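Structure first, then comments.
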């Protein structure tokens with residue numbers, strides 16, 4: 001016999017109640033805490049990335065995060081793309097942007113010369129971001145057996161990605177709940193599922209010295225600020241064409257709205273003398 005609508009409705013309600021009850025009990029037990037909102041300028045249909053914040057976020061990634069986390073899907077030239085951290089309209093080709101060249105040159109890249117010999121050279125804008133480890137085994141060995149996730153699309157790979165990463169980075173200064181045992185070499189973070197994380201607190205106040213510029217005037221490198229800035233950069237890295245997509249979307253919506261009005265008046269004109 002096929003289930004009736006009432007039975008399906010009741011089953012759905014019971015399922016929803018069980019999910020809410022499980023989530024509430026997990027949070028009450030200190031297993032996971034709902035992420036705090038980062039409230040980034042890039043969020044929402046009208047949101048845009050702040051270039052100064054993207055530059056600060058890249059600095060935090062470079063000086064703090066890149067020691068363990070790779071960004072294998074990005075090339076240095078991407079930093080100079082339109083709407084990117086170091087975009088300069090004078091250099092539509094980011095490979096020619098002197099800032100991008102200088103950033104890439106600070107890294108050492110292993111390459112193969114025309115004769116097939118491996119050599120080390122300064123990085124170029126066309127190179128991928130240099131990984132901190134040569135392979136997964138080396139990465140795990142250097143991080144207590146845990147593999148640091150690649151950050152290229154980390155915001156997209158995590159539920160409530162930006163909020164989650166922001167909360168995780170700035171959420172270490174909390175005391176474990178009573179009865180919560182933290183294994184040796186691990187750390188407590190209420191935003192991590194299970195509350196236990198292998199990564200120690202990566203940020204401390206004044207850890208990074210932001211560039212002295214008008215855009216950074218009054219911006220202090222606190223843990224909270226650095227967390228917000230690096231999340232902005234990671235959000236851009238996960239979707240570098242977000243701003244252009246929004247601009248295109250508004251153009252399409254405007255065109256469709258105008259087309260709808262024209263079609264309506266055309267309809268009225270064509271059928272005005274026809275009885276319905």
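The values are calculated or read from the model by the stated rules, or taken from the named source; none is laboratory data. If you're wondering where the values come from, they're calculated on a predicted model, not measured in any experiment. Don't worry about glycine lacking a Cβ; one is built from the backbone with ideal geometry, like all the others, and counts go over all protein chains shown.
Points worth noting:
- Exactly one residue among 231, 270, 204 is modelled with pLDDT of 95 or more and either surrounded by fewer than 12 Cβ atoms within 10 Å (Cβ to Cβ) or more than 17 Å from the chain's Cα centre (by Cα) (or both), and that residue is 204.
Matching residues to (1) within 30 Å of residue 199 (Cα to Cα); (2) assigned to a loop (DSSP other than H, G, I, E, B):
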| residue | (1), (2) |
| --- | --- |
| 73 | yes, yes |
| 92 | no, yes |
| 109 | yes, no |
| 114 | no, yes |
| 126 | no, yes |
| 148 | yes, yes |
| 165 | yes, no |
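- Going through (1) surrounded by 14 or more Cβ atoms within 10 Å (Cβ to Cβ); (2) in contact with a strand residue (DSSP E or B) (Cβ under 9 Å, 6 or more places away or on another chain); (3) at negative phi one by one, residue 174 falls short only on (1).
- One residue from 202, 193, 183 being over 19 Å from residue 67 (Cβ atoms), assigned to a loop (DSSP other than H, G, I, E, B) and touching a residue at least 40 places away in the same chain (Cβ under 8 Å): 193
- One residue from 215, 211 being under 21 Å from residue 59 (Cβ atoms), surrounded by fewer than 19 Cβ atoms within 10 Å (Cβ to Cβ), in contact with a helix residue (DSSP H, G or I) (Cβ under 6 Å, 6 or more places away or on another chain) and in contact (Cβ under 8 Å) with a residue 12 or more places away in the chain: 215
- Within the option set 149, 85, being more than 23 Å from residue 200 (Cβ to Cβ) and in contact (Cβ under 8 Å) with a residue 40 or more places away in the chain holds for one residue only, 85.
- Test: residue in the stretch 237-256 that is in contact with a helix residue (DSSP H, G or I) (Cβ under 8 Å, 6 or more places away or on another chain) and closer than 21 Å to residue 171 by Cβ: yes
- Listed conditions (1) loosely packed, with under 15 Cβ neighbours inside 10 Å; (2) more than 20 Å from the chain's Cα centre (by Cα) are all met by residue 198, apart from (1).
- Enumeration of residues in the stretch 97-115 that are within 19 Å of residue 51 (Cβ to Cβ) and loosely packed, with under 15 Cβ neighbours inside 10 Å: 98, 102
- Check on residue 118, surrounded by fewer than 17 Cβ atoms within 10 Å (Cβ to Cβ), modelled with pLDDT under 95, more than 25 Å from residue 243 (Cα to Cα) and touching a strand residue (DSSP E or B) at 6+ places or on another chain (Cβ under 8 Å): yes
- Qualifying residue in the stretch 85-92 (condition: farther than 18 Å from residue 51 by Cα and either touching a helix residue (DSSP H, G or I) at 6+ places or on another chain (Cβ under 6 Å) or surrounded by 12 or more Cβ atoms within 10 Å (Cβ to Cβ) (or both)): no
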